[in-house]
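Read through the structure below, which is laid out as structure tokens, and then see the notes.
The values are calculated or read from the model by the stated rules, or taken from the named source; none is laboratory data. Worth saying up front: this structure is predicted, and the values here are computed from it rather than measured. Quick reminder, even Gly has a Cβ in these numbers, built from the backbone with ideal geometry, and neighbours come from all protein chains shown. Just so you know, the surface numbers come from the protein's heavy atoms only, side chains and all, with ligands and any DNA or RNA stripped out. Shrake-Rupley method; radii C 1.70, N 1.55, O 1.52, S 1.80 Å.
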Amino acid sequence: MTDSTTPARGEYILALDQGTSSSRAILFDHAGNVVRIAQREFRQYYPQPGHVEHDPYEIWQSQLAVAHEVLNGAGVSAGQIRAIGITNQRETAVLWDRRTGEPVGRALVWQDRRTAPMCEALQRDGHGERFRAKTGLVIDAYFSGTKLRWMLDHYDGARERAARGELAFGTVDSWLIWQLTDGARHVTDVSNASRTMLFNIHEFRWDDELLALLDIPRSLLPDVVPSSGEVARTSQRVFGAELPIAGIAGDQQAATFGQACLSPGMAKNTYGTGCFLLMNTGSAPVVSQNRLLTTIGWQLGAGSGGTGQGPAQGTAQGTAQASTQYCLEGGVFMGGATIQWLRDGLQIIQSAPEVEPLARQCDDTGGVVLVPAFAGLGAPHWDAFARGTLIGITRGTGRPQIARAALEAIALQSVDVLDAMQKDAGIALAELRVDGGASRSDLLMQMQADLLGTAVVRPRVTETTALGAAYLAGLACGFWRDQQELASQWQIEQRFEPRLSADARESQLARWHRAVERARDWARDDAASASASPAG
């Protein structure tokens, strides 16, 4: 029999990485290396402008398929899996029948904006500070609380069924665990709970006052558990063995953990469709004075390499002993999506990898600045009426200058968020750890270091979201000893040091902020005119 603290040769952690456009499964060995990976896309539904939906069954079926594909492809049996870690698209909301497991309707995706009027009404009624103080979040359609309220109000018979205790709500992690356990466990972890707008991040409990404001029955909600600790076992039918589910975290928190940002002041930026920046602020939440989000990073149960004495399973509500880390978070809406716009909108490139060689054809933008506020501006501006602006164009402006301005815009938006984080936390950033598809661009990473004035570090293993889920699961089952062992596995692939002078950096930031001011509030009059126009 294998010692529970010493991984046997041929043992692995299986990470299930359920994302917005695809489901992935990744098998990790004890060195933190990717052994095998499988990915499957699933359909996106856009029933009308601003509405984004997923079929919960398609999410589950695609996730199950890639899990089996990874095991079969690697020639690994269920008996070689020490634990499963789950990471997921965070704010997407699912509502299903407790008896049959059948979804009541499609899942409302985190990108869905249909509850924006509800959020505006909550703000007008003076509830913004109440939500922020308890949840660390701004009132926004991004989060899942108002999505659940919409489902109860609009899916046929949902509110009546909920009142009878027949329905269950969860984010995607909860939905997957329900399916993996044949309905035996209805749970979520603290990181996902902290993104619902319903969870008190100071008291580790669903907040009755906020539930009442949104008219949501508590009976719908999952138990809240630590991010690391065995919380369930899969049904025998799923993998042919009852495998422990021992790690759960929302995708951005998992990436922060996978980047080994384990100490206060350490930060990461994920360059995906948008950019998600998280800074570890330690064991106490930092209230943002600069319009950032305060969120729970993760909570380690007993035996997970943390400092706490809390239980490894059961609820996390009120477990002050458990080891909890908080983060500040800022989101940039248009990261890699800016490059997609160059490809699909302007059509000045045919594929995303073409942007770097095109941008390298010029030494600078020639004064051109792109503010990609195509969907408004996120943190720290939170301006829904901002619109995209391309400014400083001359007769000398061509495709290379616009391509370079697009890359600079990604870096400059991230600088604004990181500056706000450093002010809030009172911590000077020593380095920025990066991941995500666009982090493979050496030019963009050098721009980021130059404009931030701080080193940017790209790790050898860039599958940090799945790796974070694996680490959380592996800590719980003794596959890895402690956080120090995880930190020692993190290895640098390339380090980008700032090359720009302080004066040049300040000049470029000042020009960027002038352009941002011109983009801000642009569509307010259009929105007012639309709302004043008669319908039909």
Checklist entry - Quick check, is residue 32 surrounded by fewer than 16 Cβ atoms within 10 Å (Cβ to Cβ) and either assigned to a loop (DSSP other than H, G, I, E, B) or basic (Lys, Arg) (or both)? => result no
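Can you find a residue in region 122-138 that is closer than 20 Å to residue 177 by Cβ and open to solvent by 50 Å² or more (accessible area, probe 1.4 Å)?
Checking region 122-138: not a single residue is closer than 20 Å to residue 177 by Cβ and open to solvent by 50 Å² or more (accessible area, probe 1.4 Å).
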Item to check | Residue pairs meeting the criteria (Cβ under 8 Å; at least 6 apart or on separate chains; first free of Cβ contacts under 8 Å to residues at least 40 places away in the same chain and within 25 Å of residue 449 (Cβ to Cβ), in region 495-524; second part of a helix (DSSP H, G or I) and open to solvent by less than 50 Å² (accessible area, probe 1.4 Å)) | outcome: none
Item to check | Sole residue being closer than 28 Å to residue 378 by Cβ, open to solvent by 10 Å² or more (accessible area, probe 1.4 Å) and at pLDDT 95 or above, chosen from 510, 469, 527 | outcome: 510
Checklist entry - Given the conditions (1) touching a Lys or Arg at 6+ places or on another chain (Cβ under 7 Å); (2) farther than 30 Å from residue 244 by Cβ, and given that residue 521 satisfies all but one, which numbered condition is not satisfied? => result (1)
Checklist entry - Residues in region 353-369: is at least one open to solvent by 10 Å² or more (accessible area, probe 1.4 Å), small (Gly, Ala, Ser), without any contact (Cβ under 8 Å) to a residue 12 or more places away in the chain and in a loop (DSSP other than H, G, I, E, B)? => result no
Checklist outcome for this item: So, first residue over 12 Å from residue 28 (Cα atoms) in region 66-83, second residue of a type in the set (Lys, Arg) and surrounded by 21 or more Cβ atoms within 10 Å (Cβ to Cβ), Cβ within less than 7 Å, six or more apart or across chains; the pairs are 66/24
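Restrict the check to region 94-103 and report whether at least one residue is in contact (Cβ under 8 Å) with a residue 12 or more places away in the chain, out of contact with any Ser or Thr (no Cβ under 9 Å at 6 or more places or on another chain) and among the hydrophobic types (A, V, I, L, M, F, W, C).
yes
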Checklist entry - Which of the following residues is within 13 Å of the chain's Cα centre (by Cα) and among the aliphatic types (A, V, I, L, M): 262, 278, 243, 292? => result 278
Item to check | Subset of region 513-524 (residues that are at pLDDT 80 or above and part of a loop (DSSP other than H, G, I, E, B)) | outcome: 520, 521, 522
Checklist entry - Among the residues of region 212-241, which ones are surrounded by fewer than 23 Cβ atoms within 10 Å (Cβ to Cβ), among the polar types (S, T, N, Q) and either farther than 29 Å from residue 202 by Cα or without any contact (Cβ under 8 Å) to a residue 24 or more places away in the chain (or both)? => result 235, 236
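Taking the condition within 27 Å of the chain's Cα centre (by Cα) and under 20 Å from residue 208 (Cα atoms), does residue 150 pass?
Details: within 27 Å of the chain's Cα centre (by Cα): yes; under 20 Å from residue 208 (Cα atoms): yes.
Against the criterion (within 27 Å of the chain's Cα centre (by Cα) and under 20 Å from residue 208 (Cα atoms)), residue 150 qualifies.
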Checklist entry - What residue, among those in region 443-463 that are open to solvent by 10 Å² or more (accessible area, probe 1.4 Å) and touching a Lys or Arg at 6+ places or on another chain (Cβ under 8 Å), is nearest to residue 406 (Cα to Cα)? => result 443
Next on the checklist: With within 23 Å of residue 119 (Cα to Cα) and assigned to a helix (DSSP H, G or I) as the only criterion, which of 153, 140, 173 stands out?
Outcome noted: 153
Next on the checklist: Every residue in region 370-423 that is of a type in the set (A, V, I, L, M, F, W, C) and open to solvent by 40 Å² or more (accessible area, probe 1.4 Å), please.
Outcome noted: 374, 375, 382, 384, 385, 390, 391, 393
Item to check | Only listed residue being among the β-branched types (Val, Ile, Thr), surrounded by 15 or more Cβ atoms within 10 Å (Cβ to Cβ) and more than 19 Å from residue 469 (Cα to Cα), chosen from 87, 92, 100, 146 | outcome: 146
Checklist entry - When you scan region 385-398, how many residues do you find that are touching a residue at least 40 places away in the same chain (Cβ under 8 Å) and small (Gly, Ala, Ser)? => result 3
